[in-house]
Amino acid sequence: MVEHFCDGDMALAVIGLSHRTAPVAVRERFAYDRGEVPAALGRLVESGVADEAVLLSTCNRTEIYVSASDVVSGSAAALSILAEHAGETAEASARYLYQHRDRSAVEHLFRVVAGLESMAVGEPQIQGQVKDAYNLARETTSAAGAVVGATANRLFQTALAVGGRVRSETGLGVGAASIPSAAVELSRKIFGSLKGRRALILGAGEMSEVTLECLRSAGVGSCLVANRTHERARDLAGRWGGEAIEFDEFASALSSVDILISSTAAATPVLTRDLFRGSNPSGVSRPLCIIDIGMPRDVETAMAEEANVFLYNIDDLRQIVDHNLGQRRGELPRAEAIIGEGVEEFWGWYVGLAVVPTIRDLRERSEAVRQAEVEKALRRLAHLAPEDQEAIDALTRGLLNKLLHMPTVRLREAAGNGRGTSVLDTVRYLFELDGEAEHGEAEDSPDSTEKEINR
Amino acid sequence: MTGLLHLTSLGLYGIAAALLGVSLAKGDGRLPRMAAFIVVGALVLHAWAFAAFWAHWNELPLVGLGPVLFTLAMVLALGSVIAATLGHANTVGLVLLPVVVLLMGAAVAIGVVPASDALRFQGVWFALHVLFAILGYAGLTVAFGAGLMYLLQFRELKTKHFGAIFRFFPPLATLERLGRSGLMLGFSFHTLALLIGWAWVERFGIVMAGGNAKLAWAGLSWLVFIAALVAGTGGGRRGRRGAWASVLGFLLVVAAYLLIRVQASHGGAFL
C-alpha cells in the first residue's frame with residue numbers, strides 16, 4: 001500500500017469523451033441509456049480490475065470514473081467497455097477519448113459538476129445529471145458486490161457539494177446561456193413565474209421544439225401549435241401535450257396567449273401589424289411576449305409599437321446570451337478557486353487513506369504488546385482484587401492511547417503535506433510493521449478504511 | 001443610548017442602500033446577500049429604538065414630526081423586507097431604502113422626541129388614527145417604489161436595452177402586483193385613519209375649518225389613492241397607467257405636504 005502511493009500511481013481515473021473531443025454523431029454512439037448503465041458498471045467491477053465505478057452519460061459527455069488498485073488496467077477496461085458499447089475498437093475510439101488520473105481526474109469531475117466543462121458554461125442541469133449517475137451507481141450491485149465504495153462516495157459527494165457552492169457563491173449560473181433559455185429569461189422578466197401561462201408556437205421546426213421544451217420546463221401550462229403543414233403541428237403538439245390549430249387561426253389566437261414563439265421558414269413576415277389589427281381590433285388587453293427566432297424574421301417590426309406587445313428577435317436574444325456568457329467568464333476565477341479548495345479537501349482525505357493501514361498496524365501491534373504485558377503482570381499480581389486489576393488494565397490502555405495520539409496525528413499530517421512516504425517508511429521500519437499490513441481481509445474493506453480515516 | 005440606536009440603524013440603512021446601488025451599477029443582476037442581513041439588522045435596532053422611546057416617554061412615537069418620520073421610516077423598512085420576501089421583489093429596496101434613509105435622517109436631525117402638545121393626543125383612538133395614517137402613506141410609498149421600477153423596467157423591455165435595470169429589477173408582473181398591494185393596503189389604512197380621525201373630532205367636538213391644512217392634505221391623499229387604483233384597473237396599458245398614477249400621485253402628495261408645511265410655518269402648526 002505504501003509503495004502504491006509512493007510512486008504516484010494513484011488509483012483514480014476518468015476516461016470518456018465530450019463535446020470538446022467528439023462530434024455529436026460520435027457522442028451518440030457512446031451515450032448510454034439509463035437502463036444500460038448497471039450492466040456496464042457490473043462488468044467493470046466483476047472483471048476485478050476496478051474496485052469502484054460510476055458512469056456519467058449526458059448528451060454532451062460519456063465518462064467512466066474508476067477507482068482501481070491498478071489504474072492502468074482499470075482505465076483499459078473502462079476504455080474497452082466504452083468502445084464495445086459504441087461498436088468500435090479501442091484503438092479507433094482512442095482519438096475521441098481523454099483520460100485523467102489521480103488529482104487531475106478529481107479536478108476534472110469537479111469542473112464537470114460545476115459546469116465549467118459544459119457547452120454553455122455554468123449550465124445547471126449537469127449537477128442533477130451527475131447526481132443521478134452517482135445515485136444509479138450506488139443502487140447498482142454486481143456479482144462482486146457494490147460498485148460504489150468509500151472512495152467514490154466521498155469523491156461524488158464532495159463534487160456535488162463543490163458544484164452547489166459554485167452555483168450559490170458565484171454568478172456562474174446566473175442568466176440564460178442559450179437562445180431558448182434567453183427566451184425564457186425574457187418572458188420571465190415580463191410575467192414573473194411562467195406557471196400556467198399559455199404559449200403559441202408558430203412553426204414546427206427544431207428550434208421551435210427546443211424553445212417549447214424550455215418553456216414547458218419553466219412552467220408554461222398549455223400551448224397551441226400552428227404550422228403551414230398541419231400534420232407537423234399536430235405531431236409537435238402531441239409530443240408536448242399541446243393543441244394544434246390551423247395556421248390561418250394563429251392571429252386571432254394571440255389574444256388568448258401570453259407568449260408567441262415564431263420560427264417559420266417563411267421568406268416574408270407572417271405576422272404583420274395589419275393582420276394583427278384585423279384579428280384583434282382592440283389589441284391585446286394583457287402583455288404579449290413575441291419571440292421571433294425565424295430567419296428571416298417572421299414578425300413585422302411595427303408590431304413592437306402595439307400596446308402590451310413586447311417583440312424580440314434572435315439578435316435581441318443573442319445580446320442577452322452574450323452578456324450572460326461574458327458575466328459567467330468573469331466568474332470563472334472564483335469558481336476555479338472553489339474547485340481548488342474542493343480538490344484539496346478531497347485529496348487530503350484520499351491521500352490520508354495511505355496512512356490508515358500503518359496507523360491500524362501500529363495500534364494493533366501496540367495493543368498486542370500491551371495485552372501481553374498486562375496479562376504477564378496480572379499473573380504475578382493474582383492476589384489483587386478484580387477492581388484493581390481492571391484499574392491496571394485501564395491505566396495501560398490510557399497510557400497507550402496518549403502515547404499513540406501524537407504519532408497518529410503526525411502521520412495524517414505527513415500524508416497531507418507530501419512527506420508521508422518517508423515518514424510512513426520510518427514508522428513501519430521502527431515498529432516492525434512490514435509484513436503485517438500487506439494482508440488481511442479487513443484492510444481492503446472500503447467500509448473499514450472509511451471508518452478508520454474518519455476516526 | 002437611543003441616539004446611538006438611531007444613528008446606527010440610519011447608518012446600516014445607508015450601507016444597505018449603497019450595496020444595492022453598487023450591485024445595480026455592476027450589472028451582475030444579483031442581490032448582495034449582505035444587504036438583506038444589514039436591512040434586517042437595521043430594522044431590529046430601529047424597533048429597539050421604537051420600544052425604548054415608548055418605555056422612556058410612556059407613549060408611542062406618533063406625535064410630532066420627528067417621531068412620525070421615525071415611525072414611518074420603520075414601517076417602510078418593514079415594508080421593504082416584506083416586499084422582498086413575500087412579494088418576491090427583493091430589489092425594491094433600491095427605491096425604498098433611500099426613502100427610509102431620507103426619513104430617518106430627517107427624524108434624527110429634527111429630534112426623535114415627543115412634541116410639546118403630546119399629552120393632548122393621548123388615547124387609543126388617536127394612536128390608531130396616526131398609526132393607520134402612517135401605514136397608509138407607507139403603502140403609497142411602496143406603490144411609488146414599485147411603480148417607478150415598473151416604468152424603468154418597462155422601458156428596458158420595450159427598447160430592448162438589456163442592461164443593469166433589466167437584470168436587477170423584478171419582473172413587470174411582480175412590480176405591478178406589489179404596487180397594487182401597496183395601493184390597496186395603503187388605501188384601506190388611509191380610509192380607516194380618516195374615519196377614526198372624523199369620529200375623534202366628532203367625539204370631542206373639535207371644530208375644524210373647511211380649509212384646514214391637515215384635512216386638505218388627507219383628502220388629497222385619499223383622492224390620489226382612488227385615482228391610482230382606478231388607473232391600474234381595466235385592460236390595455238393598465239400596468240403602465242397604474243405605475244404612472246402611483247409615481248405622480250406620490251410626488252403630488254409629497255409636494256403638497258411640503259407646500260402646506262412652508263405655508264404653515266408662517267401662520268400655524270402642521271404636521
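Any read-out appearing in this document is the output of simple, stated calculations on the displayed coordinates, not a laboratory observation. Just so we're clear, the structure is a prediction, and the values are computed from it rather than from any experiment. Because the Cβ atoms are built from the backbone with ideal geometry, glycine has one as well, and the counts that use them run over all protein chains shown.
What is the percent of Cα-Cα separations in the stretch A:277-327 that go past 15 Å? That fraction is 54 percent.
Measuring nothing but alpha carbons in the protein assembly as shown and taking Rh as the Kirkwood radius, the Rg to Rh ratio lands at 1.12.
Kirkwood's formula applied to the C-alpha pairs of chain B gives a hydrodynamic radius of 19.3 angstrom. Lysine pair count for the protein assembly as shown (Cα-Cα distance under 20 Å; residues 8 or more apart in sequence or on different chains): 4. Starting from a Cα-only point model with no solvent, please compute log10 I(q)/I(0) by Debye for the stretch A:124-263 at q = 0.15 1/Å. Log10 I(q)/I(0), no solvent term: -0.80. Largest GNM mean-square fluctuation among B:Gly27, B:Gly79, B:Gly239, using chain B with Cα springs under 10 Å: B:Gly27.
Most simply put, the protein assembly as shown has about 45% antiparallel DSSP beta bridges, counting only bridges with both residues inside it. In terms of its C-alpha gyration tensor, the stretch A:13-147 comes out rounded, because the ratio a/c of the largest to the smallest axis stays below 1.5. For the stretch B:58-155, just say rounded, prolate or oblate: build the C-alpha gyration tensor, square-root its eigenvalues into a ≥ b ≥ c, call rounded for a/c under 1.5, and beyond that prolate if a/b exceeds b/c, oblate if not. It comes out prolate by the Cα gyration axes. Between B:Thr159, B:Thr91, B:Thr174, the residue with the greatest mean-square fluctuation in the GNM of chain B (Cα pairs under 10 Å linked by springs) is B:Thr159.
Rounded to the nearest whole angstrom, the semi-axes of the ellipsoid equivalent to the stretch A:180-261, taken from the Cα gyration tensor as √(5λ), stand at 20, 13, 10, largest first. Length, then width, then depth: along the principal axes, the Cα atoms of the stretch B:1-64 run 48, 21, 16 Å. Can you give the translational diffusion coefficient of the stretch A:193-342 in µm²/s, computed by Stokes-Einstein from the Kirkwood radius over Cα pairs at 37 °C and 0.692 mPa s? Translational D for this selection: 200 µm²/s. Summarised as an ellipsoid, the stretch A:267-376 has semi-axes of 74, 16, 11 Å, derived from the eigenvalues of the Cα gyration tensor scaled by 5 and square-rooted, with the largest first. Taking the C-alpha atoms only, the angle from helix B:65-85 to the longest principal axis of chain B is near 30 degrees. Restricting the GluC sites (Glu not before Pro) of the stretch A:73-137 to loop positions (DSSP other than H, G, I, E, B) with no more than 15 neighbouring Cβ atoms within 10 Å leaves nothing. D by Stokes-Einstein for the stretch B:68-110, Kirkwood Rh over Cα pairs, 20 °C, 1.002 mPa s: 209 µm²/s.
In chain A, helical runs assigned H by DSSP with n ≥ 4 each contribute -39500 (n - 2.57); averaged across all residues and rounded to the nearest 500, the mean residue ellipticity at 222 nm is -18000 deg cm²/dmol.
Proximity of backbone amide H atoms, modeled 1.01 Å from N, is registered between A:Ser69 and A:Asp51 at under 5 Å, excluding neighbours fewer than 5 places apart on the same chain.
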